[in-house]
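Quick notes on the structure that follows.
What follows is calculated from the coordinates using simple rules that are stated; it is not laboratory data. Here the structure is a predicted model, which means the values were calculated and not measured. Virtual Cβ from ideal backbone geometry, glycine too; neighbours counted across all protein chains shown.
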Amino acid sequence: MTKTKIILPIIVFSQFCCTSLWFATNSIIKDLITNYNLPVNSLSHLTSIVQFGFIIGTLFFAIFTIADRFSPSKVFFTCAIIGAILNSFLIWENNTLTSLLIIRFFNGFFLAGIYPIGMKIATDYYQKGLGKSLGYLVGALVLGTAFPHFLTGIGNVFLWKNVVYTTSGLTFLGGLLMLLFVPNGPYRKQVSNVDLYAFLKIFKNVKFKNAAFGYFGHMWELYAFWTFVPILLKSYQSIYPKTSLNISLLSFFIIGIGSIACIASGYISEKKGVKRTASLSLFLSCICCLLCPVFFSINNSLLFVLFLLFWGIVVIADSPLLSTLVSKNATPEIRGTALTIVNCIGFFITIISIQLLSFLIDTIDSNIIYITLAIGPIIGLIALKNKKVSFN
């Protein structure tokens with residue numbers, strides 16, 4: 001039997017490996033456009049289709065209570081292996097935009113069996129200090145998401161096909177580790193029957209609903225920010241042509257620094273409280289959304305990068321805490337389903353914000369458009385402000 005103390009590091013590392021699939025195409029979008037003659041606006045489409053696949057996947061997993069009926073580690077492994085195989089098809093020389101969209105859709109579908117299932121596995125092992133545990137787990141997601149940008153940013157060592165090989169290999173490794181070393185947790189409560197209405201009953205719980213709406217507001221901003229980090233940097237560089245930025249490497253650091261923020265927020269929440277810490281993070285990220293146009297007007301690339309790094313910290317620091325609130329306020333028997341359906345709705349929201357921002361970029365020649373990202377944090381803050389609800 002694997003010792004419990006090494007379970008969390010294995011879950012965290014596996015999550016890091018497998019979530020490298022998420023932005024695999026984002027980091028190599030220039031190469032994909034060149035090699036497959038794709039439209040120049042393919043980035044938003046390829047990002048949104050992953051989110052859409054994730055939505056359909058989480059909806060499927062939630063309706064059929066997959067995470068609560070079957071061994072989560074086996075579900076994680078199966079989805080990781082399929083995801084790795086699908087990802088490898090990105091190098092098929094006859095790819096078109098349509099084939100790439102299909103590949104990325106199913107990558108998103110099977111990521112639904114990785115990210116929320118990983119959180120479910122953590123909740124099966126850790127009741128005390130769950131916020132801290134999920135902090136490590138979401139931190140792994142952040143680092144995994146940013147990792148393809150790092151591979152691209154280090155130059156000729158990793159050509160675009162090597163990025164694909166590496167992310168596929170990591171995903172396979174992560175799934176295998178989870179299968180071999182993470183058995184069912186001591187706090188797992190299995191359900192045997194399919195309850196097709198279980199995910200609808202979840203929102204009758206007022207505490208759960210408010211925690212979920214806090215998470216939804218957070219998601220409006222998060223993936224849109226991550227998606228457009230390279231665009232933010234390119235836009236700044238175009239305004240000040242003398243500025244020279246390594247877009248890919250800076251994108252990795254701006255997104256990846258959030259992994260440290262997730263871990264730190266988990267520890268801080270143990271002293272300051274989960275709700276209070278999550279609300280502070282939402283507030284600070286809201287301020288970043290509103291101040292973004294101001295920093296575009298300052299001809300100081302170091303200051304601009306530092307601003308984005310700070311934004312990269314606060315935009316994600318609340319994520320494990322909001323997931324903790326969702327988990328703690330869900331019925332134990334359907335906790336996996338609760339986490340999955342909240343992810344489903346949250347990622348549907350990301351499609352709207354990504355597509356809205358993409359539309360605004362194409363139609364409005366002004367960096368003021370980024371203040372629209374503040375809509376999410378404002379809604380999240382209102383949900384968490386509800387004095388009728390007490391969050392532990």
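Given Trp220, Phe252, Tyr240, which one lies farthest toward the positive end of the charge dipole of the chain, if we put +1 on the Cβ of every Lys and Arg and -1 on the Cβ of every Asp and Glu? Ranked along the dipole, the leading option is Trp220.
When you count the other C-beta atoms within 10 angstrom of each residue and take the mean per peptide, 290-299, 72-81 line up highest first as 72-81, 290-299. Mean residue ellipticity, 222 nm, helices only, the chain: the sum of -39500 (n - 2.57) across DSSP H runs of n ≥ 4, divided by residue count and rounded to 500, is -24500 deg cm²/dmol.
Counting other Cβ atoms within 10 Å as a rough exposure proxy, the listed residues Tyr370, Tyr136, Tyr240 run Tyr240, Tyr136, Tyr370 from fewest neighbours to most.
Note on Leu290 and Asn184: their simple-model spin labels are 5.0 nm apart, each label 7 Å out from Cα toward Cβ. Counting every alpha-carbon pair across the range 328-377, the share separated by more than 12 Å comes to 70%.
Classify the range 1-71: rounded, prolate or oblate, from the alpha-carbon gyration tensor (a ≥ b ≥ c, eigenvalue square roots; a/c under 1.5 rounded; otherwise prolate if a/b is larger than b/c)? It is oblate, given that a/c is not under 1.5 and a/b is not larger than b/c.
Could you tell me the relative contact order of the range 288-392? Use alpha-carbon pairs under 8 Å, at least six residues apart, and round to a whole percent. Relative contact order for the range 288-392 comes out at 43 percent.
Charges were assigned to the Cβ only: +1 to each Lys and Arg, -1 to each Asp and Glu. The resulting dipole of the chain about its Cα centre is roughly 1400 debye. In a fully extended conformation the segment linking Trp92 and Thr372 would gain 97.0 nm over its present Cα-Cα distance, using 0.36 nm per residue.
Normalised by the number of residues in the chain, the average gap of Cα pairs under 8 Å and 6 or more apart makes the relative contact order 28 percent. Under the rule a/c < 1.5 gives rounded, and otherwise a/b versus b/c splits prolate from oblate, where does the range 258-370 land using the Cα gyration tensor? Oblate. Structure note, pairs Lys74/Lys271; Lys204/Lys275; Lys120/Lys275; Lys120/Lys207; Lys5/Lys207: Cα-Cα distances above 26 angstrom occur for Lys74/Lys271; Lys5/Lys207. Treating r as the C-beta distance of Asp31 and Asn386 and R0 as 30 Å, the FRET efficiency rounds to 0.05. What are the membrane-span-like helices in the chain by this rule: whole DSSP H runs, Cα extent along the axis at least 30 Å, mean Kyte-Doolittle hydropathy at least -0.5? Helices passing the filter in the chain: 42-63, 130-153, 160-181, 206-239, 247-272, 274-296, 335-363. Annotation: peptides 242-252, 97-107, ranked by per-residue average of other Cβ atoms within 10 Å with the highest first, follow the order 97-107, 242-252.
Checking [x] 20.8; [y] 21.5; [z] 22.5 against the coordinates, the calculated Kirkwood radius over Cα pairs in Å falls under label [x]. Maximal additional length on extending the Asn41-Leu249 stretch stands at 72.7 nm, based on 0.36 nm per residue less the C-alpha distance.
Rounded, prolate or oblate: which fits the range 32-142 when a ≥ b ≥ c are the square roots of the eigenvalues of the alpha-carbon gyration tensor, with rounded for a/c under 1.5 and prolate only if a/b beats b/c? In terms of gyration-tensor shape, prolate.
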